[in-house]
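J.: Have a look at the structure that comes next, please.
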Amino acid sequence: MAESINYERLESGIPWTSRQSWQAANQAVAYHLQRYRADLKQLNIQAQTLKSCLNAVFPLLEELCADSCPWCPDPCCLKASVWFDFKDLLFLHFNQLSIPPCQPKADLESPCRYLGSKGCRLPRINRPWICTWYLCPTQTAKLRKDQPAKHQLLNRAFARIKSDRNLLEQEYIRAIS
């Protein structure tokens with residue numbers, strides 16, 4: 001099984017692109033969360049804290065998107081290389097959030113399947129991390145110029161979230177190993 005997943009990753013550049021491998025990855029995480037429930041209690045708390053941190057930055061991100069995305073001549077979502085990574089799966093499962101039916105893209109050339117006429121159809125909390133932390137040059141320039149304090153606050157929040165995601169993954173692997 002691992003060989004086919006690795007091969008798939010090499011072919012598409014994105015892990016778990018087939019429905020079967022996506023389901024297998026999510027079933028494995030769900031199984032381990034159930035099997036090692038007692039050992040993962042602290043990670044449940046950490047994942048909820050991570051969710052709170054993300055929810056705290058969402059209003060600013062929504063504001064930035066509302067100011068720039070509708071008028072953008074070259075939307076990031078059409079060409080960005082996005083996918084759910086293992087940390088995203090852990091975050092979704094630990095927080096008991098709905099798991100999207102498949103990866104956003106089948107390959108690096110395809111557009112995101114969750115992009116609708118009014119933006120992303122996934123709730124912000126259910127999106128891959130890359131969709132949250134990436135700010136386009138227009139958004140970054142606007143923040144630096146108009147709201148430098150918020151720009152610094154967002155950078156600090158993103159650094160903390162990134163660190164917490166790494167820790168969640170490391171501690172999960174340690175607990176189930």
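The values are calculated or read from the model by the stated rules, or taken from the named source; none is laboratory data. For clarity, every value in this text was computed on a predicted model and none was experimentally measured. A quick note on method: Cβ atoms are made from the backbone with ideal geometry, for glycine too, and the neighbour counts reach across all protein chains shown.
J.: Hey, can you tell me all the residues within segment 125-146 that are touching a residue at least 40 places away in the same chain (Cβ under 8 Å) and in a loop (DSSP other than H, G, I, E, B)?
T.: The initial filter retains those residues of segment 125-146 that are touching a residue at least 40 places away in the same chain (Cβ under 8 Å), namely 125, 128-132, 134-136, 138-139, 142-143.
Listed by number, the residues that qualify are Pro128, Tyr134, Leu135, Cys136.
J.: What's the number of the only condition in (1) on the phi < 0 side of the Ramachandran plot; (2) free of Cβ contacts under 8 Å to residues at least 24 places away in the same chain that Gln96 fails to meet?
T.: Result: Gln96 fails condition (1) only.
J.: Here is a further query. Under 20 Å from Gln48 (Cβ atoms), loosely packed, with under 12 Cβ neighbours inside 10 Å, under 15 Å from the mean Cα position of the chain (by Cα) and of a type outside the set (Ser, Thr, Tyr): which single residue out of Asn95, Asn166 fits that description? So that I can check it myself, show each step before the final result.
T.: Values: Asn95 fails: loosely packed, with under 12 Cβ neighbours inside 10 Å.
The conditions single out Asn166.
J.: For segment 104-120, state whether one or more residues are buried (at least 18 other Cβ atoms within 10 Å of the Cβ) and either closer than 19 Å to Thr49 by Cβ or aromatic (Phe, Trp, Tyr) (or both).
T.: The answer is yes; a qualifying residue exists.
J.: Give the residue that is surrounded by the fewest Cβ atoms within 10 Å (Cβ to Cβ), with candidates limited to residues of segment 83-92 that are part of a helix (DSSP H, G or I) and touching a Leu at 6+ places or on another chain (Cβ under 9 Å).
T.: Of all residues in segment 83-92, those part of a helix (DSSP H, G or I) come to 86-92.
So of that shortlist, the ones also touching a Leu at 6+ places or on another chain (Cβ under 9 Å) come out as 87, 90-91.
Details: Lys87: 20, Leu90: 23, Phe91: 25.
Checked segment 83-92; the qualifying residue surrounded by the fewest Cβ atoms within 10 Å (Cβ to Cβ) is Lys87.
J.: Another question about this same structure. Here are some conditions: (1) of a type in the set (Asp, Glu); (2) part of a loop (DSSP other than H, G, I, E, B); (3) modelled with pLDDT of 95 or more. Asp164 meets all but one. Which one does it not meet?
T.: Evaluating Asp164 over (1) of a type in the set (Asp, Glu); (2) part of a loop (DSSP other than H, G, I, E, B); (3) modelled with pLDDT of 95 or more leaves (2) as the failure.
J.: Do we find a residue being over 21 Å from Gly116 (Cα atoms), assigned to a helix (DSSP H, G or I) and either out of contact with any Leu (no Cβ under 7 Å at 6 or more places or on another chain) or among the small types (Gly, Ala, Ser) (or both) anywhere in segment 61-82?
T.: Keep residues of segment 61-82 that are over 21 Å from Gly116 (Cα atoms), which gives none.
So far as segment 61-82 goes, no, none of its residues is over 21 Å from Gly116 (Cα atoms), assigned to a helix (DSSP H, G or I) and either out of contact with any Leu (no Cβ under 7 Å at 6 or more places or on another chain) or among the small types (Gly, Ala, Ser) (or both).
J.: Shifting gears a bit: Among the listed residues Leu154, Leu108, identify the single one that is of a type in the set (A, V, I, L, M) and assigned to a loop (DSSP other than H, G, I, E, B). Reasoning before the result, please.
T.: Working: Leu154 fails: assigned to a loop (DSSP other than H, G, I, E, B).
The unique qualifying residue is Leu108.
J.: Return yes when Leu168 is in contact (Cβ under 8 Å) with a residue 60 or more places away in the chain, more than 22 Å from Gly13 (Cα to Cα) and not polar (S, T, N, Q) and no when it is not.
T.: Working: in contact (Cβ under 8 Å) with a residue 60 or more places away in the chain: yes; more than 22 Å from Gly13 (Cα to Cα): yes; not polar (S, T, N, Q): yes.
Taking the combined requirement at face value, the residue satisfies it.
J.: Condition first: more than 25 Å from Ala159 (Cα to Cα) and surrounded by 11 or more Cβ atoms within 10 Å (Cβ to Cβ). Now tell me which residues in segment 30-74 satisfy that.
T.: As a first pass, look at segment 30-74 and keep what is more than 25 Å from Ala159 (Cα to Cα): 30-39, 70-74.
Listed by number, the residues that qualify are Ala30, Tyr31, His32, Leu33, Arg35, Tyr36, Asp39, Cys72.
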